[in-house]
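A.B. asks: Before we start, here is the structure in question, set down as structure tokens.
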Amino acid sequence: MVIVSTPIRQLDRVESQIGKLNLLVPSIVIDELKRLQQKAGPKRSMIAKTAIDISHVRFKVIETVKSRHVDDAIVEYALRHKCAAATIDTALRKRLIKNNVLVITISNDRLIIANSRDNKQV
């Protein structure tokens with residue numbers, strides 16, 4: 001939902017520094033967005049719907065293990081496939097870092113890479 005509500009203006013610059021990003025959206029995240037679309041207020045509902053639409057057009061939606069918690073599925077996928085994860089959720093970010101997963105997050109319209117060899121900000 002963050003990409004819809006506050007687009008990342010520096011994505012091209014980031015890709016020029018660290019390489020092409022292949023952004024994947026776990027199916028369990030799409031399911032959560034659908035629940036938000038149905039149950040949230042009008043503004044969040046519209047943002048959730050737009051995030052779903054953008055996910056299907058600009059990113060690859062991947063099947064993930066069904067789990068009671070979205071965070072569990074994200075951590076499990078990142079560990080199993082040895083890939084980075086992008087999140088703004090503090091608890092999820094800390095959990096990923098604790099499991100030595102490369103984490104991409106956003107702060108003040110800047111992408112921050114955590115758990116990288118040099119812990120750089122981009």
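The values are calculated or read from the model by the stated rules, or taken from the named source; none is laboratory data. Bear in mind that the values here come from a model prediction, so they are computed numbers and not experimental data. Counting neighbours? That spans all protein chains shown, and the Cβs are built from the backbone with ideal geometry, glycine included.
A.B. asks: Taking the range 33-70, which residues are part of a helix (DSSP H, G or I), of a type in the set (S, T, N, Q) and either in contact (Cβ under 8 Å) with a residue 24 or more places away in the chain or touching a Ser or Thr at 6+ places or on another chain (Cβ under 9 Å) (or both)?
C.D. replies: Residues satisfying the conditions are Gln37, Gln38, Thr50, Ser55.
A.B. asks: As an exercise: evaluate Ile47 against (1) surrounded by fewer than 14 Cβ atoms within 10 Å (Cβ to Cβ); (2) farther than 25 Å from Gly19 by Cα; (3) among the β-branched types (Val, Ile, Thr) and give the number of the one condition it does not meet.
C.D. replies: All conditions pass for Ile47, except number (1).
A.B. asks: Could you please find all residues in the range 71-103 being closer than 21 Å to Leu33 by Cα, touching a residue at least 24 places away in the same chain (Cβ under 8 Å) and either assigned to a strand (DSSP E or B) or among the charged types (D, E, K, R) (or both)?
C.D. replies: Of everything in the range 71-103, those that are closer than 21 Å to Leu33 by Cα, touching a residue at least 24 places away in the same chain (Cβ under 8 Å) and either assigned to a strand (DSSP E or B) or among the charged types (D, E, K, R) (or both) turn out to be Asp71, Ala86.
A.B. asks: Where residues in the range 2-32 are assigned to a loop (DSSP other than H, G, I, E, B) and at pLDDT below 70, which of them is surrounded by the fewest Cβ atoms within 10 Å (Cβ to Cβ)?
C.D. replies: Arg9
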